[in-house]
Amino acid sequence: TVGLVGRLTRDPELRYTAAGEAVCAIRLAVATRTRTDENWEDRPNFFDVSVFGRNGEAAAEHLTKGRR
């Protein structure tokens, strides 16, 4: 299990497999804070995430671009 906290970079895309299972594709931007000398710098990391089944349908229904 991986827990990521970030913001959605686009609206979720819901599709169904040939067997009828829901698959929701989302793209997540997560900031990583690193220290360079005396300053802190935020660097974005982007993750492509697939959510399956009823959780995927719920994600597509409730999530939108920019949501946390």
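The values are calculated or read from the model by the stated rules, or taken from the named source; none is laboratory data. This structure is a prediction, so every number in the text was calculated from the model and none was measured. Using ideal geometry, Cβ is built from the backbone for each residue, glycine included, and neighbour counts are taken over all protein chains shown. Surface areas here come from the heavy atoms of the whole protein model, side chains and all, with no ligands, DNA or RNA. Shrake-Rupley method; radii C 1.70, N 1.55, O 1.52, S 1.80 Å.
This table checks each residue for (1) in a strand (DSSP E or B); (2) touching a residue at least 12 places away in the same chain (Cβ under 8 Å); (3) open to solvent by 90 Å² or more (accessible area, probe 1.4 Å).
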site: Leu14; (1), (2), (3): yes, yes, no
site: Arg27; (1), (2), (3): yes, yes, no
site: Thr32; (1), (2), (3): yes, yes, no
site: Arg35; (1), (2), (3): yes, no, yes
site: Trp40; (1), (2), (3): yes, no, yes
site: Phe46; (1), (2), (3): yes, yes, yes
Exercise for the section: Go through (1) at pLDDT 95 or above; (2) hydrophobic (A, V, I, L, M, F, W, C); (3) touching a Lys or Arg at 6+ places or on another chain (Cβ under 9 Å) and name the single condition Trp40 misses. Expected result: (1)
Completion exercise
How many residues of segment 1-12 are among the β-branched types (Val, Ile, Thr) and either open to solvent by less than 90 Å² (accessible area, probe 1.4 Å) or at pLDDT 95 or above (or both)? The answer is 1
Exercise for the section: Taking Ala59 as meeting all but one of (1) closer than 21 Å to Thr1 by Cβ; (2) assigned to a strand (DSSP E or B), write down the number of the exception. Expected result: (2)
